[in-house]
Amino acid sequence: MSAVLPTDTAAGATPPSSLADFWRSFSTNKGAVAGLFVFVFVIACALLADVIAPHDAIEQYRDALLTPPMWAEGGSSKFILGTDDIGRDVLSRLLFGARLSLMIGFVAVLLSMLPGMALGLTATFFPRIGVAILRLMDVMLALPSLLLAIAVVAVLGPGLLNTMLAIAIVAVPSYVRLVRASSMSELTKDYVIASRLAGAGTFRLMFNTVLPNCMAPVIVTATLGFSDAILTAAALGFLGLGAQPPTPEWGTMLASARDYIERANWVVTFPGLAILITVLAINLMGDGLRDALDPRMKKLS
Amino acid sequence: MFGFILRRLALVVPTFVGITLLAFSLIHLIPGDPVQVMAGERRLDPAFHAEVLHRLGLDRPLWEQYGSYLWKSLHLDLGESFVTHEAVWSEFLKLFPATVELSVCALFLAVVVGLLAGVIAAIKRGSVLDHGVMGLSLTGFSMPIFWWGLLLIMFCSVYMREWAPAWALPVSGRLALEFDIAPRTGFMLIDAWLSGEEGVFRSALSHLVLPSIVLGTIPLAVIARMTRSSMLEVLREDYVRTAKAKGLSPARVVFVHALRNALVPVITVIGLQVGTLLAGAVLTETIFSWPGIGKWLIDAISRRDYPVVQGGILIIATLVIVVNLLVDLMYGLVNPRIRHAK
């Protein structure tokens, strides 16, 4: 898969590999590199949550309700970021929450990207079904994604699995349109015609010939879809429609936080900060990816 | 132009039918049937159950039910709430002005600040100011707005009450409790102004500040980014150089010559923010107990008040379709290339 467009090669005899080329382009964007580092850090937190979390995510220390963070007055080093209203360690919940948020993002992106790409290619190669698919996507795009997700959850019922499903369903249309648009423009190119003349079947044409050349914008959209999924999941959790307590989901942690705004600001501050930092890092990374993978998209947005 | 309008209108019909299908199936996909939901935990007499199903028309074939649902929806008959037994449409009409007022204020804030920030960033390209604006707007774009709302409540109300009580902002509802003014237009700012009572307008305005900031944050970030990139492109054009060479003042070149052309894509983006605003209203209204349609929808979901959920989703989706249609038509009016494209 060579998603990278050829750029001016250095004076050396061998052209740089596409990966090296990509990295050179990506690393000129300092924000993107910073985003990547933060993102890797969040992934590390999520993977190592079992090892580094000082406490269990749902264990309640009844004698230490609403303990302030360790640097504040009355805080203790036992609970670095303090405890919540029923005595659970905030830091441990955030670490396990990272695991959940990343999983939600990953599953939602996968569940929307794969069907989205398949439908987009189908719309290009089978124009008759294509019209129906595109109309259906228009209907889905008519509702703002959070509202559509709320509608889906209203039907399916609240919960982590349904949250992921709702977010995935909502994100499908953007992939369909993207893949259709870029595969339509590939369809008339010589290499596709050559491949068709060489006797490649429709499925081979769809997935082996055309799809790899549509991947650059898909990867960028998937990155932004990842951060969007985390935000939407947190919003649903906040509204009480997402992951249910005592699940340490970042948005769900904020659902009851309003009651403690006057007494315990750490209960409010840290989960939101975790969401913001993660989403910001992914968006920074997405900007860098877009510039590196697809210079044509630089102008947009 | 006429053909363009017709083509664009023809696209709306299947979309609307799809939305009604979605809203219709909503009530049929929930576990159990609406009568069981209304009955809640109580035991249901089978004969009574069948009678109510019949009375509500829920025992007829699905296509017949859908037909009558569509017919009724087109006549604004969206059923009545399980909880208040009031017609869904009239409940919506009562609450809608609050959402409009909030959205208009949020959008106003977003457009004014966003345009200004975008223009400044474009003029001072590469400067600290530019990086600051872009950094802030990316942060705003990544902001979980419900948390942003909680932070603002913490700083502008809870802490402010200790630092400078006079500046503490209210965080709940549309008006201080001590005032009671007759609703005339449903828009609190206008009603307060019309009432002429002292302090009412000030109270209504102060209730709007924080929710507008929260709701306006994401549109603001999007508008600032879009204005900057669109401005950067326009500033490179020959006619801008000509205007400069003629000796026009920099302000005139930027705001009169360049900005006008840079605005075309920005207007589209502003139009597209209506969806963001309505979705954001759900969160913002929940945080600030703002009695609009967003809070109405969430309350209805938690009370399992399905006619309201169904009607609310249908109305909001229709609103978004209509606004998107208007934006497209306006864009076609401004930009002939769109109008003549296939």
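Each value in this text was obtained by applying a stated rule to the coordinates, not by laboratory testing. Keep in mind that what you see is a predicted model, and the values were worked out from it rather than measured. For neighbour counting, all protein chains shown are included, and Cβ atoms are generated from backbone atoms with ideal geometry for every residue, glycine included.
Amide H contacts under 5 Å for B:Glu80: B:Val88, restricted to partners 5 or more places along the chain or on a different chain, H placed in the peptide plane at 1.01 Å from N.
Considering only B:Gly247, B:Phe48, B:Thr15, and ranking their Cα positions along the charge dipole of chain B that arises from unit charges at the beta-carbon of Lys, Arg, Asp and Glu, the one farthest toward the positive end is B:Gly247. Note that region B:149-158 has calculated 3J(HN,Hα) couplings of x, 5, 4, 4, 4, 4, 7, 8, 10, 5 Hz, one per residue in order, obtained from phi through the Karplus relation 6.51 cos²θ - 1.76 cosθ + 1.60 (θ = phi - 60°); glycine and proline are x.
Beta carbons within 10 angstrom, averaged per residue: use that to sort the peptides A:229-238, A:72-81, A:95-104, highest first.
Values: A:229-238: 29.3, A:72-81: 14.0, A:95-104: 23.5.
Peptide ranking by packing, descending: A:229-238, A:95-104, A:72-81.
Placing R0 at 45 angstrom, the Cβ-Cβ distance between A:Phe126 and B:Tyr239 gives a FRET efficiency of 0.45 after rounding to 0.05. What range in chain B is the longest one free of GluC sites (Glu not before Pro) that are in a loop by DSSP and have at most 11 other Cβ atoms within 10 angstrom? Result for the longest clean stretch: B:199-342.
A crude spin-label estimate for the pair B:Val100 and B:Arg60, with each label 7 Å from Cα along the Cβ direction, gives 3.3 nm. Each residue of region A:226-243 is assigned a 3J(HN,Hα), and the resulting list reads 4, 5, 5, 4, 5, 5, 5, 4, 5, 5, 5, x, 4, 6, x, 9, x, 4 Hz, derived from the Karplus form 6.51 cos²θ - 1.76 cosθ + 1.60 (θ = phi - 60°), x at Gly and Pro.
Applied to region A:132-139, the Karplus parametrisation 6.51 cos²θ - 1.76 cosθ + 1.60 on θ = phi - 60° returns per-residue 3J(HN,Hα) values of 4, 4, 5, 4, 4, 5, 4, 4 Hz, with x for Gly and Pro. Given +1 at the Cβ of Lys and Arg, -1 at the Cβ of Asp and Glu and no other charges, the dipole of region A:33-105 around its Cα centre is 180 debye to the nearest 20. Place a point 7 Å from the Cα of B:His131 along the Cα-to-Cβ direction; which residues of region A:30-64 have their backbone N under 13 Å from it? Of the residues in region A:30-64, A:30-32 have backbone N under 13 Å from the label point off B:His131. Relative contact order for chain B: 26 percent, from Cα pairs under 8 Å spaced at least 6 residues apart, divided by residue count.
Hey, what number do you get for the protein assembly as shown at 222 nm if only DSSP H runs of n ≥ 4 count, each worth -39500 (n - 2.57), divided across all residues, to the nearest 500? Spell out each step's value before the answer.
Details: 26 runs with 436 residues, N = 643.
Roughly -22500 deg cm²/dmol at 222 nm, from the helical runs in the protein assembly as shown.
Modelled this way, with points 7 Å down the Cα-to-C-beta line, the labels at B:Met330 and B:Asp77 are 3.5 nm from one another. Simple point charges give the picture: +1 on the Cβ of Lys and Arg, -1 on the Cβ of Asp and Glu, and for the protein assembly as shown a dipole about the Cα centre of about 2580 debye. So if we plug the beta-carbon distance of A:Ala198 and B:Lys124 into 1/(1 + (r/R0)^6) with R0 = 60 Å, what FRET efficiency do we get, rounded to 0.05? With a Förster radius of 60 Å, E is 0.65. Only aspartates and glutamates eight or more places from B:Lys94 in sequence, or on another chain, were considered; those with a Cα closer than 13 Å are B:Glu86.
Over region B:92-207, Cα pairs under 8 Å with separation of 6+ residues give a relative contact order of 21 percent. Using a Förster radius of 25 Å, what is the FRET efficiency between A:Ser185 and A:Asn208 based on their Cβ-Cβ separation? Nearest 0.05, please. Between A:Ser185 and A:Asn208 the formula returns 0.90.
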